[in-house]
Structure formats: C-alpha cells, structure tokens
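Working notes, beginning with the structure itself.
The values are calculated or read from the model by the stated rules, or taken from the named source; none is laboratory data. Note that the coordinates shown come from a computational prediction; the quantities given were computed from them, not determined experimentally. Cβ sites come from the backbone with ideal geometry, for glycine too, and all protein chains shown count toward neighbours.
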Amino acid sequence: MDYEVVHTDDVPMSDLSAVDEAPPDLRIRALDDFFDTDALNLKLWYFEPGEEIQYHAHAEQEEVYYVLEGEFSLKLGRSGEETYVDAGPGTFWIAKPAVGHGHRNVGDEEGVVLAIGAPAVEDPGLDPHGLDDGD
C-alpha cells in the first residue's frame with residue numbers, strides 16, 4: 001500500500017521502564033514501528049510531571065520535536081553554550097547532530113511530545129560534554 005492511516009489510540013503504548021537498555025523510563029507510541037518507516041524515526045513520548053529526557057546528543061541523527069500537550073523546560077545547545085527555553089503546546093525545536101538537547105515536563109499535567117528523527121539509524125545518546133566543538 002502506498003499510504004497508511006492510523007489513529008493514535010490504535011498504536012500500542014510501550015512502557016520503557018520495563019526495558020533496561022532503553023532509558024529514560026517513559027511511555028512511548030512507536031509510530032515508526034507501526035508504519036514501518038525507512039527514512040525516519042517517529043515517536044510520541046508521554047511525560048508525567050517531572051519526567052525528562054536528559055541532555056544528550058546524537059552523532060548522525062537530526063531531530064525535530066513538537067509539544068502537543070504540557071509545559072516543558074528545554075536545555076539546548078553545545079556543551080558550555082546551553083540555553084534553557086520554556087516550551088508549551090504548539091512549540092517546535094530542532095536538534096542537529098552533535099548538538100545537546102533535553103527536555104523536562106515542568107507542568108502539573110501529562111505532557112506529550114512528537115519526535116521525528118532522521119536518518120532512521122540506531123544512534124544512541126552521547127554525552128555532549130565529550131564532543132569536540134568541530135563535530
């Protein structure tokens with residue numbers, strides 16, 4: 001089929017707290033598994049108040065984020081140049097390869113963030129403080 005359509009509720013929710021190799025302990029809907037995407041990773045991340053994805057970077061992957069629900073504090077930028085930004089529903093941000101990024105739900109309600117990453121490679125988080133500025 002050349003196209004697929006799905007409602008969010010029809011995509012299984014995964015609880016990452018049950019997977020030792022996959023921090024953080026958040027819940028996700030892996031839309032890329034449902035759609036079997038080739039060129040990008042596509043996830044919905046669910047954050048309870050206080051939960052976060054810690055500051056990290058990727059070697060190859062560029063990521064775009066979009067806040068659907070909740071209030072977040074973003075930590076963005078290269079090591080030593082980090083900036084904190086408030087983000088609520090309707091906010092987009094991008095993280096280029098080797099640039100640090102992380103976000104925390106600072107609100108009182110559940111937060112939901114759409115994350116789109118390309119290329120669709122296994123690109124585990126790296127410590128941005130250990131990367132050279134020229135990367």
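Values computed for the structure shown
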| read-out | value |
| --- | --- |
| Search result, residues across segment 34-60 that are touching an Asp or Glu at 6+ places or on another chain (Cβ under 8 Å) and hydroxyl-bearing (Ser, Thr, Tyr) | TYR46, TYR55 |
| Subset of segment 1-31 that is outside any loop (DSSP other than H, G, I, E, B) and at pLDDT below 90 - its residue that is surrounded by the most Cβ atoms within 10 Å (Cβ to Cβ) | SER14 |
| Any chance PRO89 is closer than 28 Å to ALA39 by Cβ, of a type outside the set (A, V, I, L, M) and modelled with pLDDT under 90 | no |
| Hits in segment 41-82 - residues which are hydroxyl-bearing (Ser, Thr, Tyr) and under 16 Å from LEU16 (Cα atoms) | TYR46 |
| Selection status of PHE92, within 23 Å of LEU42 (Cα to Cα), without any contact (Cβ under 8 Å) to a residue 40 or more places away in the chain and aromatic (Phe, Trp, Tyr) | yes |
| Of the criteria (1) over 19 Å from LEU126 (Cβ atoms); (2) modelled with pLDDT of 95 or more; (3) out of contact with any Ser or Thr (no Cβ under 9 Å at 6 or more places or on another chain); (4) not in a loop (DSSP other than H, G, I, E, B), which one PRO49 fails | (4) |
| Every residue from segment 112-126 that is at pLDDT 75 or above and either among the charged types (D, E, K, R) or part of a strand (DSSP E or B) (or both) | VAL112, VAL113, LEU114, ALA115, ILE116, GLY117, ALA118, GLU122 |
| Residues satisfying the stated conditions in segment 52-74, i.e. within 11 Å of GLY111 (Cβ to Cβ), of a type in the set (Asp, Glu) and assigned to a loop (DSSP other than H, G, I, E, B) | GLU71 |
| Members of segment 23-72 found to be more than 13 Å from the chain's Cα centre (by Cα) and small (Gly, Ala, Ser), listed by number | ALA39, GLY50, ALA59, GLY70 |
